[in-house]
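Worksheet: one structure, shown below.
A short reminder: the numbers here are calculations on the coordinates, not readings from a lab. This one's a predicted model, so the numbers in the text were calculated from it and none came from an experiment. Ideal geometry is used to build each Cβ from the backbone, glycine not excepted, and the neighbour counts take in all protein chains shown.
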């Protein structure tokens, strides 16, 4: 446990030195506040464009605050996930290519400790970014649209964060045996395939981690209870990714 804490501290220092602890939350805050601002000022934006058909703006209805907040969280499923995946793609691949992994494994440090520390550091960045982004979006949503249920917001953000953590864990796994760009591509591809499969077969795949995004939106807009199937499957996927990455880094050679 002491090795994990030491390695985690090292990873957080690197994140601070590379400004990841700053720019990733800043991007998430911008993504979050854009949704309520864009929704609220959409009539003015359309008027300024000058190409609005007569009578269109009269029929424009402002969405409710819960709907806008659910849409704000949905922004993190595309650009937000891309930012997180790009930030984790070299976590293991970069250290394998630089020989750092070999140096660590020459000491009494278990591969599981190395991977766990990196995963925990990525989790910290994710929680900080998503927490600040959701808080910023919620503040502007309440100011412009009306009050929110903060308990529903916390649950919805947690569910969405779990889905993002699945993508991060998959990328970390691929980073253990592939180069960084390939790891990022496969991590995003795996998440996209799961999302597509769930959208095509929602009733059959409602237990998969990809269902977390829909459950998050329902939690935010309707206050529905948690569905434990996707949560358990996401937890299993994350554990499998961390365990598999620990096994893969024993083979330190990068592919030619």
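General remarks:
- Using a Gaussian network model of the chain in which every pair of alpha carbons under 10 angstrom is joined by a spring, one finds that among 231, 30, 114 the greatest mean-square fluctuation is at 30.
- Spherically averaged projected area of the chain from its Cα convex hull (nm²): 16.4 nm²
- Distance between segment 166-188 and segment 9-39 - C-alpha centres, whole angstrom: 20 Å
- Cα centroid separation, segment 127-150 to segment 68-86 (Å): 14 Å
- Each principal axis of the Cα cloud of segment 111-256 was taken in turn, and the coordinate range along them, longest first, works out to 56, 34, 23 Å.
- Ascending count of other beta-carbon atoms within 10 Å, so fewest first, for 78, 208, 171: 78, 208, 171
- Taking the C-alpha atoms only, the angle from helix 2-17 to the longest principal axis of the chain is near 50 degrees.
- Cα-based helix-to-principal-axis angle, 79-88 vs the chain, degrees rounded to 10: 10 degrees
- Using 0.36 nm per residue and subtracting the Cα-Cα separation, the extra length available between residue 132 and residue 82 on full extension is 16.2 nm.
- Largest mean-square fluctuation among 46, 148, 13, in a Gaussian network model of the chain whose springs join Cα atoms under 10 Å apart, belongs to 46.
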